[in-house]
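Remarks on the structure that follows.
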Amino acid sequence: MQLSIEISKYPLATDYIPPIKGFIDELNLQPGLTVLTNTMSTQVFGEYDLVMQALQHCIRWSFERYGKVVFVVKFIHGDLRP
């Protein structure tokens, strides 16, 4: 099953760019995903289990590295790549 997600990250820090960029960089290291980034959000496409495993890893990585952040995620069944 294919999955599409849209994720936005809101670091609770004044220096917010490094945590956002770090998260996107870590997400891009995960195999089997297509990651598209724009100024508002990051979209991730791939097989359901791979997307969910990558998301779990990257969110945990981000919490451990950067502390408090807010993630807003939309999950959509299917591959909705533009």
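Just how large is the dipole of the chain about the Cα centre, in debye to the nearest 20, putting +1 at every Lys and Arg Cβ and -1 at every Asp and Glu Cβ?
Computed about the Cα centre, the dipole is about 220 debye.
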| query | Where does helix 48-66 land angle-wise versus the long Cα axis of the chain, in degrees 0 to 90, nearest 10? | reply | 0
| task | Would you kindly work out the equivalent ellipsoid of the chain from its C-alpha gyration tensor and give its semi-axes, the square roots of five times the eigenvalues, largest first in whole Å? | result | 22, 13, 10
| request: Could you list the chymotrypsin sites (Phe, Trp or Tyr not before Pro) in the chain that lie in coil according to DSSP, counting only those with at most 14 other Cβ atoms within 10 Å of their Cβ? | output: Y16
| request: Find which of L33, I7, V51 sits farthest along the positive direction of the dipole of the chain, computed with +1 on the beta-carbon of Lys and Arg, -1 on that of Asp and Glu, about the Cα centre. | output: I7
| task | Excluding residues on the same chain fewer than 8 positions from K68, give the aspartates and glutamates whose Cα lies under 18 Å from its Cα. | result | D15, E26
| said: Quick check on the chain: helices-only [θ] at 222 nm, where DSSP H runs of length 4 and up contribute -39,500 (n - 2.57) each and the sum goes over total residues. Nearest 500, please. | reply: -12500 deg cm²/dmol
| field | Semi-axis lengths, Å, the stretch 1-47, gyration tensor of Cα atoms, sqrt of 5 times eigenvalues | value | 22, 11, 8
| remark: Taking a probe of 1.4 Å and leaving out DNA, RNA and ligands, the chain shows per residue an accessible area in Å² of 65
| said: Using a 1.4 Å probe on the protein heavy atoms, what percent of the accessible area of the chain belongs to carbon and sulfur? | reply: 58
| When the Cα centres of the stretch 1-33 and the stretch 61-82 are compared, how far apart do they sit, in Å? | 6
| field | Table column - 3J(HN,Hα) (Hz), the stretch 23-34, Karplus curve with 6.51, -1.76, 1.60, x for Gly and Pro | value | 5, 5, 4, 5, 5, 5, 7, 6, x, x, 10, 10
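The values are calculated or read from the model by the stated rules, or taken from the named source; none is laboratory data. Remember, predicted model here, so these are calculated numbers, not experimental data. Please note: Cβ atoms are built from the backbone with ideal geometry, for glycine as well, and neighbour counts cover all protein chains shown. The accessibility values were calculated without ligands, DNA or RNA, using every heavy atom of the protein model including side chains. Shrake-Rupley method; radii C 1.70, N 1.55, O 1.52, S 1.80 Å.
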